[in-house]
Structures are given as C-alpha cells and as structure tokens.
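A.B. asks: Handing you this structure, nothing more for now.
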Amino acid sequence: MRNCYLVCGANFEDTVEMVARARGLSPDEVKQILARIKEKYSGEREYKEIRSELPEEFPL
C-alpha cells in the first residue's frame, strides 16, 4: 500500500484499486486485510512509521 501510494500519489480508493489489481484481489478484500493489519499492529513502532508516510485521510 505504502509503495503504491509513494510511486503514484493517488488517493485512497485509487491506491486500494492498484493494490487489488496487483494482488488479484477485490478492493473490499484489500480493505479487509488493511483493517486486520491495523487492528493487530497499530501499537507497534514499524506500523506507526509506515502509517506516517500515508496521508491522514487514508482510513487504514
């Protein structure tokens, strides 16, 4: 997610769509995966560092 965003600078929905196409998933599946990652790792330093590189308006 971060890499796709950093390369193209797209908004959240477009970035999710790019990740979904690259991984052979639906956008909803990508969002579910992101929600699980956030739930599991949001307190960890690495997650916070990666998350800080994404716009605040990205919900996950």
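A.B. asks: For the stretch 1-17, enumerate the residues that are aliphatic (A, V, I, L, M) and modelled with pLDDT under 90. Spell out how you get there, then give the answer.
C.D. replies: Here is the first cut: in the stretch 1-17, the residues aliphatic (A, V, I, L, M) are 1, 6-7, 10, 16.
Answer for the stretch 1-17, where residues must be aliphatic (A, V, I, L, M) and modelled with pLDDT under 90: M1, L6, V7, A10.
A.B. asks: Same structure again: How do the pairs read when you match residues in the stretch 28-50 that are on the phi < 0 side of the Ramachandran plot and in contact (Cβ under 8 Å) with a residue 12 or more places away in the chain with residues anywhere that are surrounded by 13 or more Cβ atoms within 10 Å (Cβ to Cβ) and β-branched (V, I, T), using Cβ under 7 Å and keeping only pairs 6 or more apart or on different chains?
C.D. replies: V30/V16; V30/V19; K31/V16
The values are calculated or read from the model by the stated rules, or taken from the named source; none is laboratory data. Please read all numbers here as calculations on a predicted model, not as lab measurements. Every residue, glycine as well, gets a Cβ built from its backbone with ideal geometry; the counts of neighbours run over all protein chains shown.
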